Amino acid sequence: MSHLIHIEPSGHQLHAEADESVLDAALRQGLALPYGCRNGACRSCKGRVLEGEVHYPGGVPKSLTSLDAAQGFALLCTAHAASNLRIEVEEIDSEHDIVVRNLPCRVMQKRELAHDVIGLELMLPASERLQYLPGQYVDVLLRDGRRRAFSVANAARDDDRLELQIRRVPGGTFSEYVFHHLKERALLRLRGPLGSFYLRKQDHRPVILMAGGTGFAPIKAIVEGALADGFPGKMHLYWGVRGRRDLYMHDLASAWAAEHDGLEYTPVLSEPLPNEKWSGRRGFVHEALLEDFADLSPFSVYLSGPPIMVAAGRESFIARGLDAARFHSDSFDYAYETGHDVA
Ligand SMILES: Cc1cc2nc3c(=O)[nH]c(=O)nc-3n(C[C@H](O)[C@H](O)[C@H](O)COP(=O)(O)OP(=O)(O)OC[C@H]3O[C@@H](n4cnc5c(N)ncnc54)[C@H](O)[C@@H]3O)c2cc1C
């Protein structure tokens, strides 16, 4: 039997089945309630039950004090609805609402996505979850205290698994290690989530997404999150790379466009190889976008990839009428700019 849950102050409503926690029901329906461990220990998911009853099939969590209970608080990651509910909890709508943590994770899969890009699938420990907004990144913490930033390439739904897409930087400390030495089952330490590159859901303008190279990683997470939430607006995705072989998820992006009316996909190659027989768009990706849009004032733009591409995009798009406040970017700067101070 399912129960109707009304959330204050957002006014959102959701349905919770008997066998799922209030938090799981909310996440399943695209509502970002706060959480941390998801097993009743960290209290990040605390909310107040204003009307109705909850119960805890696994027992009342030890971290829920009798004072909490007397004041009507519940831990929504383990609480199940026993009736229709009205609860009070702040939904997450910016990176400032999320706790940044250090987490260990295990490499479950390592696979070659392109000649110079490796995909890693990472699994968090059973008792841990990483709450993040699709588009955010994590720092990989190296043994010597240095950090390397990589965007999470999947949406936050399957939050015990994280995908990274790592381009090999010739001579790069971490990426060369990943290519030549990192083995499946190895442990990595992460810190995150970080950054403010995520879809502003309250902004209802049509969206232009532009990725350069592995800048596709956060864009992939953003698109996955938007599609899962039933994003009703329009999205136009541009992906710029050198050759056809660098479009390492071309089939996925093409399938998005084929299956979703509001989503268009334009791959752009700057240096296709002669044997690649490319009949699509050529040149720099931001220039292709400028050829397609005479006026960018009605749009919001999300752009990720090499710093030089981000800078060129920012300048030329704003000159083409884009509101600077609607330009969001993740510039894949080198490690010295992401800091070396490990907490
Ligand atoms: C917010 C953010 C998100 C990022 N997300 C991703 C991602 O999802 N996928 C991804 O592949 N990269 C991503 N990057 C870039 C990545 O963090 C760097 O490329 C990182 O420095 C590589 O680490 P490394 O140890 O292999 O190389 P390093 O040891 O840091 O670099 C060695 C030398 O190579 C040069 N170098 C380093 N990085 C680059 C580069 N990107 N391009 C050209 N020359 C470089 C520098 O001169 C540097 O001195 C992101 C960066 C930021 C800031």
> For the chain, list the cysteines whose Cβ sits under 4.7 Å from no other cysteine Cβ?
Replying inline: Cys105
>> What distance in nm lies between label points placed 7 Å from Cα along the C-beta direction at Ser94 and Lys201?
In response: 1.6
> Which angle between 0 and 90 degrees, to the nearest 10, do you get for helix 216-228 versus the longest principal axis of the chain when only C-alpha atoms count?
Replying inline: 50
> Given the Cα-Cα distance of Glu8 and His55 and 0.36 nm per residue of separation, how much length would full extension add, in nm?
Replying inline: 14.9 nm
>> Rounded to the nearest 5, what % of DSSP beta bridges with both residues in the range 227-343 are antiparallel?
In response: 0
>> Using Cβ counts within 10 Å as a stand-in for footprinting exposure, how do Cys37, Cys105 rank, fewest first?
In response: Cys37, Cys105
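Just need the relative contact order of the range 97-194 here, percent rounded to a whole number, with Cα pairs under 8 Å and 6+ apart.
Computed over the range 97-194, the figure is 39 percent.
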> Straight-line reach from Lys234: which lysines have a Cα under 24 Å away, not including same-chain ones fewer than 8 places off?
Replying inline: Lys201, Lys220
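Cut-off is 10 Å between beta-carbons; in what order do Leu190, Leu75, Leu142 appear when sorted fewest neighbours first?
Fewest to most other Cβ atoms nearby, the residues stand as Leu142, Leu190, Leu75.
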>> Taking a virtual spin label 7 Å from the Cα of Asp333 along the C-beta vector, which residues in the range 285-320 bring their backbone nitrogen under 16 Å of it?
In response: 304-312, 314
> Given +1 on the Cβ of Lys and Arg, -1 on the Cβ of Asp and Glu, and no further charges, what dipole in debye does the range 149-282 carry about its Cα centre, rounded to the nearest 20?
Replying inline: 420
> Where the centre of each part is set by its Cα atoms, how far does the range 88-125 sit from the range 155-186, in angstrom?
Replying inline: 11
>> Restricted to Cα positions, what overall size does the range 3-91 have along the principal axes? Three whole-Å values, descending.
In response: 28, 23, 23
> How about the range 36-107: which trypsin sites (Lys or Arg not before Pro) there lie in a loop by DSSP and see at most 10 other Cβ atoms within 10 Å?
Replying inline: Lys62
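Relative contact order for the range 3-91 using alpha-carbon pairs under 8 Å, separation at least 6, rounded to a whole percent?
For the range 3-91, the relative contact order is 42 percent.
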> Taking other Cβ within 10 Å of each residue's Cβ, how do Ser44, Ser297, Ser10 sort, fewest first?
Replying inline: Ser297, Ser10, Ser44
> Summing +1 for each Lys or Arg and -1 for each Asp or Glu, what net charge is found among the other residues whose Cβ lies under 13 Å from the Cβ of Gly283?
Replying inline: -1
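Values quoted throughout were computed directly from the atomic coordinates according to the rules given, and no laboratory measurement underlies them. Fair warning: this is a prediction, and the values are worked out from it, not measured in the lab. Positions of Cβ are backbone-derived with ideal geometry, glycine not excepted, and every protein chain shown enters the neighbour counts.
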